[in-house]
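A quick write-up on the structure given underneath.
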Amino acid sequence: MSSTANPGSPPMLNKVPEVTAIFWIIKILSTTVGETGADYLAVHVGLGATTTAAVMAYLLAVALVLQLRARSYVPWIYWLTVVLVSVVGTQMTDLLTDRLEISLYISTVAFAAALAGTFAIWYGIERTLSIQTIITTRRELFYWAAILFTFALGTATGDLATEALGLGFQLGVVVFSLLIAVVAIAYNLGAPPVPTFWLAYILTRPLGASLGDLLSQSRTYGGAGLGTIYTSIAFLTVIIALVAWVSFEDDRARKADAAR
């Protein structure tokens, strides 16, 4: 098995959490925060899309350094990185659409090609795309590159569906929820776990974005009118609570194993 770790370093444990219901809940919440948080900073705080993207990219780089230096899965570092990737992925699509005026059709295809290319290179080198074996730095770099492109692709796909194709926020939530349910059913019927995981991961992004828009946008545009700041704070609070609980459970499990 390939490894980019130093020979004298302790062995790296899998850096990705177990895929459970809580994993998917936090993932969807983080995608919603990525949508509403980016909008809040860019529009309401007045940073603008470019400054917001630069600040978030810097924070993401710091979080990635912490994540890559860890030798095992650390819940708060991992999920902080996911939230920041969500914001940056959203900003990538928004910059292409709003500043460069690139069609959502083109950006969707471009990000799909970038993700497919990442998967192809990852598999060509490592012979696996499984998230259960993220035990080397090189695999983790491939993993985070894929995660970034799934967020960017999911944002473009969600905007394409809800805005360009006119589905709207409410129908967008329903459609993407149904698509995820179809993937879950396929998995339970024996579909390969790796492609079904990544397909579900991509689809949770537009679901979370549609949910965020549904809650935060004004009633004039079909939303609930909660605003981006209240929606972001509410979802961040739930994320922090769930990550704290997961951290507590992990610590308790490690202590139980050590006591045996």
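The values are calculated or read from the model by the stated rules, or taken from the named source; none is laboratory data. Please read all numbers here as calculations on a predicted model, not as lab measurements. Cβ coordinates were reconstructed from backbone atoms using ideal geometry, including for glycine residues, and neighbour counts include every protein chain displayed. Side chains included, ligands, DNA and RNA excluded: accessible areas come from the protein's heavy atoms. Shrake-Rupley method; radii C 1.70, N 1.55, O 1.52, S 1.80 Å.
Here is a check on your reading of the model: is T31 part of a helix (DSSP H, G or I), in contact (Cβ under 8 Å) with a residue 12 or more places away in the chain and farther than 14 Å from V85 by Cβ? In short, no.
Could we say that V74 is out of contact with any Lys or Arg (no Cβ under 7 Å at 6 or more places or on another chain), at pLDDT below 95 and surrounded by 20 or more Cβ atoms within 10 Å (Cβ to Cβ) here? Steps first, please.
Working: out of contact with any Lys or Arg (no Cβ under 7 Å at 6 or more places or on another chain): yes; at pLDDT below 95: yes; surrounded by 20 or more Cβ atoms within 10 Å (Cβ to Cβ): no.
Spelling it out, it is not the case that V74 is out of contact with any Lys or Arg (no Cβ under 7 Å at 6 or more places or on another chain), at pLDDT below 95 and surrounded by 20 or more Cβ atoms within 10 Å (Cβ to Cβ).
Assessment of segment 214-228 against the conditions (closer than 18 Å to V43 by Cβ, open to solvent by 20 Å² or more (accessible area, probe 1.4 Å), in contact (Cβ under 8 Å) with a residue 24 or more places away in the chain and polar (S, T, N, Q)) yields at least one matching residue.
Selection of segment 203-230 for residues being more than 18 Å from Q91 (Cα to Cα) and among the hydroxyl-bearing types (S, T, Y) yields S218, T220, Y221, Y230. Annotation note: Cβ proximity below 7 Å between a residue of segment 175-193 that is under 21 Å from L207 (Cα atoms) and a residue that is outside any helix (DSSP H, G or I) (sequence gap 6+ or interchain) occurs for V175/L167.
For segment 101-119, does any single residue satisfy the condition of being outside any helix (DSSP H, G or I), open to solvent by 60 Å² or more (accessible area, probe 1.4 Å), farther than 22 Å from V194 by Cα and touching a Leu at 6+ places or on another chain (Cβ under 8 Å)? So far as segment 101-119 goes, no, none of its residues is outside any helix (DSSP H, G or I), open to solvent by 60 Å² or more (accessible area, probe 1.4 Å), farther than 22 Å from V194 by Cα and touching a Leu at 6+ places or on another chain (Cβ under 8 Å). Of all residues in segment 80-100, those being open to solvent by 60 Å² or more (accessible area, probe 1.4 Å) and in a helix (DSSP H, G or I) number 3.
L226: in a helix (DSSP H, G or I) and over 30 Å from I121 (Cβ atoms), yes or no? Before the answer, list the steps.
Numbers: in a helix (DSSP H, G or I): no; over 30 Å from I121 (Cβ atoms): yes.
Here the answer is no, as L226 does not meet what is asked.
Assess whether A244 counts as being hydrophobic (A, V, I, L, M, F, W, C), assigned to a helix (DSSP H, G or I), surrounded by fewer than 20 Cβ atoms within 10 Å (Cβ to Cβ) and modelled with pLDDT under 85.
On the way: hydrophobic (A, V, I, L, M, F, W, C): yes; assigned to a helix (DSSP H, G or I): yes; surrounded by fewer than 20 Cβ atoms within 10 Å (Cβ to Cβ): yes; modelled with pLDDT under 85: no.
It is false that A244 is hydrophobic (A, V, I, L, M, F, W, C), assigned to a helix (DSSP H, G or I), surrounded by fewer than 20 Cβ atoms within 10 Å (Cβ to Cβ) and modelled with pLDDT under 85.
Count of segment 120-167 residues, restricted to those that are more than 18 Å from V85 (Cβ to Cβ) and of a type in the set (F, W, Y), is 1. Take the conditions (1) touching an Asp or Glu at 6+ places or on another chain (Cβ under 8 Å); (2) not in a helix (DSSP H, G or I); G208 misses just one of them, which is (2).
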